[in-house]
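Q: Attaching a single structure in structure tokens format; questions to follow.
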Amino acid sequence: MFTGPVRLRFHTSEPADVYYTLDGSRIAFQSARYQAAGVRDRPQEIRIDRTTEVAFFAVDVKGLVEKNYKPDGRGRNYNRLRIVIENQGDGEGTGQPASPSTEAVGAGR
């Protein structure tokens, strides 16, 4: 749980594209694509300022989809993350990592 806005970043163990939604809906290749950082760039940060349901999956450079998820099928075996923001303040701080492949940074509680 956070008490203010958070910055969401995705981390992958190898080069991969991460597709995501911020409303918890099922993800497809047409969903938003996370812009990973280059060698000298900072990773993209997605600002979350209210309670949000994040859904996401990764695709590596060989085209292998995480957890064998089928973006064009009916499966629901993609990753889900609920970021709860209790009070919409302007505080900044460091929260705990949300999962092994995501990081939410903000005013933690």
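The values are calculated or read from the model by the stated rules, or taken from the named source; none is laboratory data. Remember, it's a predicted structure, so these values are computed and weren't measured experimentally. Positions of Cβ are generated from backbone atoms using ideal geometry, with glycine treated the same way; all protein chains shown enter the neighbour counts.
Q: Among the residues of segment 29-43, write down those that are touching a Phe, Trp or Tyr at 6+ places or on another chain (Cβ under 6 Å) and part of a loop (DSSP other than H, G, I, E, B). Break it down stepwise before answering.
A: Just the residues of segment 29-43 that are touching a Phe, Trp or Tyr at 6+ places or on another chain (Cβ under 6 Å), to begin with: 31-34.
Listed by number, the residues that qualify are S31, Y34.
Q: Given (1) part of a loop (DSSP other than H, G, I, E, B); (2) touching a residue at least 24 places away in the same chain (Cβ under 8 Å); (3) under 29 Å from G4 (Cβ atoms), where does D72 come up short, assuming only one miss?
A: All conditions pass for D72, except number (3).
Q: Does A98 satisfy being modelled with pLDDT under 55 and either touching a helix residue (DSSP H, G or I) at 6+ places or on another chain (Cβ under 9 Å) or farther than 19 Å from S13 by Cβ (or both)?
A: Against the criterion (modelled with pLDDT under 55 and either touching a helix residue (DSSP H, G or I) at 6+ places or on another chain (Cβ under 9 Å) or farther than 19 Å from S13 by Cβ (or both)), A98 does not qualify.
Q: Shifting gears a bit: May I ask you to list the residues in segment 10-28 that are outside any loop (DSSP other than H, G, I, E, B) and among the charged types (D, E, K, R)?
A: Taking segment 10-28 and keeping what is outside any loop (DSSP other than H, G, I, E, B), we get 10, 16-21, 23.
Matches in segment 10-28: D17, D23.
Q: Mind telling me which of the residues V54, V39, V59 ends up being surrounded by 13 or more Cβ atoms within 10 Å (Cβ to Cβ) and at pLDDT below 95? Spell out how you get there, then give the answer.
A: On the way: V54 fails: at pLDDT below 95; V39 fails: surrounded by 13 or more Cβ atoms within 10 Å (Cβ to Cβ).
Selected residue: V59, the only one of V54, V39, V59 that is surrounded by 13 or more Cβ atoms within 10 Å (Cβ to Cβ) and at pLDDT below 95.
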